[in-house]
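The values are calculated or read from the model by the stated rules, or taken from the named source; none is laboratory data. Being a predicted model, the structure only gives us computed values, none of them experimental. Cβ atoms come from the backbone with ideal geometry, glycine included; neighbour counts cover every protein chain shown. Note: accessible area is taken over every heavy atom of the protein model, side chains too, but ligands, DNA and RNA are not part of it. Shrake-Rupley method; radii C 1.70, N 1.55, O 1.52, S 1.80 Å.
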Amino acid sequence: MCGIVGYIGKRDCADVLMDGLEKLEYRGYDSAGIAVFENNLIKTVKTRGKLACMKEKLETEGKPQGFCGIGHTRWATHGEPSDINSHPHSNGRVTIVHNGIIENYAELKTFLKEKGYAFISQTDSEVVACLLDYYYSERNPLRAITEVVKELRGSFALGILFKDFPDRVYAVRKASPLIVGVGDSEYFIASDIPAFLKYTKNYVLLEDDEIVCMEENGASFFDVHGLEIKKTVQTAEWDVEQAQKQGFPHFMLKEIHEQPKVVEKTLKSIVKNGVPDFSEIGFTDEFMRGINRIFVVACGTAMHAGIIARYAIENLARVPVTVETASEFRYMNPIVDKNDLVILVSQSGETADTKAGLELAKEMGAKTLAVVNVKYSAIARAADMCINTLAGPEIAVASTKAYTVQIAVLYLIAFRLAFARGKINEDELKKLTADIEKAPDAIAAILKKEDECKFIASKLVNVEKLFFIGRGFDYALSLEGSLKLKEITYIHSEAYAAGELKHGTISLIEDGNPVITLATQEDVLPKTISNMEEVKARGATIIAITRKETQFAENTVDMRFDIDNLLPDALTPLATVCALQLIAYYTSVLRGIDPDKPRNLAKSVTTE
Ligand code: M6R
């Protein structure tokens, strides 16, 4: 939920930390701070507000001068966004930054108060700083950390400075991401690789309870007992340009425009000899034949990708699919067994509920398959099998390209399942694969009509509420279109199966309410058109997203956006979604909102 960074080396530490925080701001942006050793003393600067406020404060107060320090960008969980609640937190001897949630912080706080500690913030994180101080003795930081790790419940990634060691940064993690960047006589810690990509592509993954001690001349790694361990240095495939705006005004727009390329790349990574082939990860035809049921467990946009998967898999492969919101799945005592496949879909691979769903599925004996964009993430590593989507870093809070590659992969799974289970023959499999390979062109065709989306957006700027309706794949996509719009425009929006609206919700339709109608599915088109006419008759303004040749009765449709005929109906969501993303993006910008950092949200949701 928050982003943490740390650095030791020869560069200006404050600059490196601020640079890293800028790359991690997607993880939280309600306050920020850094702590740097300056002449052997820790100097902390922190403030409420986005990183821009922090930059201003550094300019007015002066930047700490030094080569070793830690930094934080916050998404508040305990205590409102305020200067005091901002990280780093310190008690004098120990200064920390924390990402995660300490579940037993209240009892630890009571214990520490009894021992004479006083607290100034409302955060769970300050408790960690005090607990480290409590266990710190005989100038032994490692022992203090190992003791604290044993006491903490919940999730944490910690960057730690000990006042007595101005030439070291310590860090430890459990159930929150933390990566160690390995440069040339310089070391970094970060919640995500883009924070240090500019300086090095080499990194070490910390596992749960592992500790790193970074000094200028080396990094040492320890287990929870304080015993030194060896770690492997890996090299990131992402490069620095991918994590920059490259001339686009926002990451979201850049990421929308990357879709033809990343969909092509993802498809190419799976399609071999004209057909999808997952055998490399053990997802073989034989395995597919043995599956009784499929569950897709995910959150938000990734869960919406699961709903597309349900339509595709059930239609083609005739395997029953249940799509569950991960936060429900984990507590609903689901009926899952060893013959089931549980697919976890996640861009970040670190969403707490999805990860818990994965653990539950494994406990219940099901096989697990992760569809994840971040290769080194917890979900990618913990699942039995993993398909890595190749969207590259997604920085904007609103997920766009990650969704499109997720559905591309899920379609390929549907195709191969159908083939493995004898529902289609090889020629049909090849035809479907050739069809989906047209998706990059179909997406590019939509992106060429960006101005039309902008025009539709200009008509939505001042509305208070709107609806999305559709049937079949269009319904599944409506859910995503509606989420995208509401999360970055703050306009109340609801998505409905077109036939369901009249069972209650139609009473909300008033004169002029926009209803975005997705009407791309031939088999249900007359029904969708009837539903559209029902709302039109009640005063709605109809915006139809449809195929070029679709005819509507005169005066039914107020605006239309046409999808080219490059994909068969079942695959149109791959293209249509881009129009919905652009409409949401431009509505947000025209309303004066920063679509990359909508209020109250953060990119990765590592809390329940
Ligand atoms: O990283 P994940 O894909 O697991 O994240 C899931 C959701 O938090 C995410 O899709 C969220 O709904 C986005 N803000 C949607 O744009």
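List of remarks:
- Histogrammed with a bin width of 5 Å, the alpha carbon distances of the range 478-602 distribute as 2, 10, 20, 22, 20, 15, 8, 3, 0 percent, first bin at zero.
- When only alpha carbons of the range 221-357 are considered, Rg and Dmax amount to 19.0, 54 Å.
- Total charge dipole magnitude, the chain, about the Cα centre, Cβ charges on Lys, Arg, Asp, Glu only, Debye to nearest 20: 100 debye
- Each semi-axis of the equivalent ellipsoid for the range 40-97 is √(5λ) with λ an eigenvalue of the Cα gyration tensor; in descending order they amount to 19, 16, 9 Å.
- Under 17 Å of direct C-alpha separation, and excluding same-chain neighbours fewer than eight residues apart, residue 367 reaches these aspartates and glutamates: 280, 285, 286, 324, 337, 340, 359, 384.
- Length-normalised contact order for the range 3-237 - Cα pairs under 8 Å, 6+ apart - percent: 20 percent
- Beta bridges by DSSP in the chain, antiparallel share as percent, to the nearest 5: 60 percent
- Straight-line reach from residue 431: taking Cα to Cα under 23 Å and skipping same-chain neighbours fewer than 8 places apart, the lysines in range are 261, 265, 268, 272, 423.
- A simple spin-label model places the labels of residue 332 and residue 441 4.1 nm from each other, with each point 7 Å out along Cα-to-Cβ.
- Listed residue pairs exceeding 20 Å between alpha carbons, taken from 245/603; 23/46; 449/536; 174/230; 401/486; 10/198: 449/536
- Within-14-Å neighbourhood charge of residue 91 [Cβ basis; K, R +1; D, E -1]: +2
- Space enclosed by the convex hull of the alpha-carbon atoms of the range 3-237, per residue, Å³: 108 Å³
- Restricting the range 230-337 to GluC sites (Glu not before Pro) in coil, as DSSP defines it, with at most 14 other Cβ within 10 Å: 237
- Three semi-axes describe the equivalent ellipsoid of the range 178-281; taken as square roots of 5 times the Cα gyration tensor eigenvalues and ordered largest first, they are 33, 21, 11 Å.
- Based on Cα contacts under 8 Å between residues 6+ apart, the range 333-399 shows a relative contact order of 31 percent.
- Dipole check for the range 446-590: with +1 at the C-beta of Lys and Arg, -1 at the C-beta of Asp and Glu, and the Cα centre as origin, the magnitude is about 180 Debye.
- At q = 0.09, 0.12, 0.13, 0.20 Å⁻¹ the log10 of I(q)/I(0) for the range 252-437 amounts to -0.28, -0.50, -0.60, -1.45, computed by Debye summation with a single uniform scatterer per C-alpha, solvent ignored.
- At least 27 Å along the helix axis (C-alpha) and Kyte average at least 1.0, DSSP helices within the chain: 401-420
- The relative contact order of the range 372-451, computed from alpha carbon pairs under 8 Å that lie at least 6 residues apart in sequence, is 18 percent.
- Residue separation of residue 223 and residue 459 scaled by 0.36 nm, minus their Cα-Cα distance, works out to 79.2 nm of gained length.
- Charged-residue dipole, Cβ positions (Lys, Arg, Asp, Glu), the range 1-83 about Cα centre, Debye nearest 20: 160 debye
- Where N is the number of residues in the chain, Cα Rg divided by 2.2 N^0.38 Å: 1.01
- Across the protein chains, with a 1.4 Å probe defining accessible surface, the residues 419, 37 rank 419, 37 from largest area downward.
- Of the GluC sites (Glu not before Pro) found in the range 179-233, none is in coil by DSSP with at most 10 other Cβ atoms within 10 Å of its Cβ.
- Rounded to 5, percent antiparallel among DSSP beta bridges of the range 446-590: 0 percent
- Anchor residue 527: aspartates and glutamates whose Cα lies under 20 Å away (excluding residues fewer than 8 positions away in-chain): 474, 494, 500, 549, 554, 558, 562, 569
- Accessible surface of residue 22 - all protein chains present, 1.4 Å probe, nearest 10 Å²: 90 Å²
- Pairwise FRET efficiency - residue 61 versus residue 549, Cβ, R0 = 60 Å, nearest 0.05: 0.40
- More than 28 angstrom apart: percent of Cα pairs within the range 413-548: 28 percent
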